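Worksheet: one structure, shown below.
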Amino acid sequence: MLKVCKFGGSSLADAKQFSKVKAIIESDEARKVIIVSAPGKSQEEPEKVTDLLIQAYKTKDIKKVKERILSIKKELGLTCNVEEPLNAIEKALEQNIITEQVLVSRGEYFSAMLLADYLGYTFVDSRSLIHFKDDGKVDLERTRKDIALAVKEHERVVIPGFYGSKPDGSICLFSRGGSDVSAAYAADAVSADLYENFTDVSGFYMADPRLIENPHRIKEISHDELRELAYTGAQVLHQETIIPLIEKGITLELLNTNHPEEGSTLIKKYAREGHHLITGFAGRKGLIALTFVKSRESNKLEVIRKILNVLHEHQIPVEHIPTSIDSFSVIIDKSKIEDQLFAVIEECEAIPEIVSITQDDDVALVAIVGQNMAKKPGVSGRLLSVFGEENINIKLIDQGRVEINIIVGVSNDDLEKSIKALYSRFAKELV
């Protein structure tokens, strides 16, 4: 049995949390490959080390980071030499010869050094294991090979999450939360029997616990369902985590570092058939809808292609594209287009087939996800009727493939109300 374990920032926030992590790892001989995040927040520590490092790049001052790292080392009585690299970083900052990517990656680097020393495991720098191509995509073949070799050679390893290297050796980062993805690549490389992801929640819930008091915990969820929920706002796991696990069908278990006895969620290639009808509800605020009306005689696919080309040239990702016979909308994260909005609209207006463009800056998306929804007639109608009964205006509806998800657009102010109403109406009935 071989388990890959990932511990998030809250699990490693201070020396007390390190002690909990050690007890968890040592309770199971199968926990041989450990991936870590940078130390996060706790009651005593109000800031994440990654955020402190981002600030330090601007201020050229890593005093707070040094204090956090050295405090953990001292309290645990460790012997690893973190002082030398900390001092080297401080000097490089003063001389302005360190990149932001290198600096921001050091939270995971030091976290892994400390935990490896504490456990008696081997520290292996992910710079030599996770390989990115020049375009920023992971070199899967090389990454699999080097992780497998490192585990074979050392057997028990601690690896920093969140970063790897490009062909020239420079540091390359995943997006925030990317340690989840690092661990997924490790699980794939060693063909793990199980990938355990330890965080500060006891599994995955049908709705955000910040909105719903004591929501139902999902016992099993499929890879596809999780990706849909993560994509639409559920933030327990990075949305790309599942991709490396799909080919080999590796199961991921989500557990709570502070209360592992409370239960967990199993994330599998296929959740148990008939286990649940609706898996969960999630939502995202802060989107823009650009709606395009084309001339009636023009080819819709050709016009959509031209609009998407404009967005592609500006490197603006599209979230959804609901369509009708002579119009279609593109839903975009506001933060991804704000600086280029006027330029994009101007270029789109220059397309001859476009008759008009309207803009809606007040869009939130509600996702209703469940792999079994397609098997019960009338589910969509019943779900959508809740919005009318609650006097919530629906701005758009986008049905996902084989009804694994239904996306509903509402105003930002109506997002929380929508999720609460849906959960209240359907959670107990459809679990």
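Here are the numbers for the structure shown:
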item	result
Highest-fluctuation residue, Asp200, Asp208, Asp135 considered, GNM on the chain with Cα pairs under 10 Å	Asp135
Antiparallel DSSP beta bridges within the chain, percent to nearest 5	60
The chain: proportion of alpha-carbon pairs further apart than 40 angstrom, %	25
Long-range HN-HN contacts of Ile397 with modeled amide H, under 5 Å	Gly409
Relative contact order computed over the chain (Cα-Cα under 8 Å; 6+ residues apart), in percent	13
Three-way shape label, segment 1-117, alpha-carbon gyration tensor, a/c 1.5	prolate
Trypsin sites (Lys or Arg not before Pro) lying in DSSP loop within segment 1-104, provided at most 16 other Cβ fall within 10 Å	Lys41, Lys60
Label-point separation in nm, Asp360 to Glu100, each point 7 Å along Cα→Cβ	3.3
Solvent exposure, largest accessible area first (probe 1.4 Å, DNA, RNA and ligands not counted), of Asp134, Asp339, Asp14	Asp339, Asp134, Asp14
Selected from Leu311, Leu266, Leu103 as most flexible by GNM, with the chain as the system and alpha-carbon contacts under 10 Å	Leu311
Residues whose placed amide H lies under 5 Å from that of Tyr163, excluding near-sequence neighbours	Phe174
Highest-MSF residue in the chain out of Ser335, Ser182, Ser327 [GNM, Cα springs under 10 Å]	Ser335
Residue pairs, from the table Lys306/Lys336; Lys6/Lys145; Lys66/Lys248, whose Cα atoms sit over 30 Å apart	Lys66/Lys248
Placed amide H near Phe123: partners under 5 Å, 5+ positions off or other chain	Val158
Two-site label geometry, Glu213 and Lys20: point separation in nm, points 7 Å out along Cα→Cβ	2.4
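The values are calculated or read from the model by the stated rules, or taken from the named source; none is laboratory data. Note that the structure is a prediction, hence the values are computed from the model and not measured. All Cβ positions, even for glycine, are placed from backbone atoms using ideal geometry, and neighbour counts span all protein chains on display. Heads up: the accessible areas ignore ligands, DNA and RNA and are worked out on the full protein's heavy atoms, side chains in. Shrake-Rupley method; radii C 1.70, N 1.55, O 1.52, S 1.80 Å.
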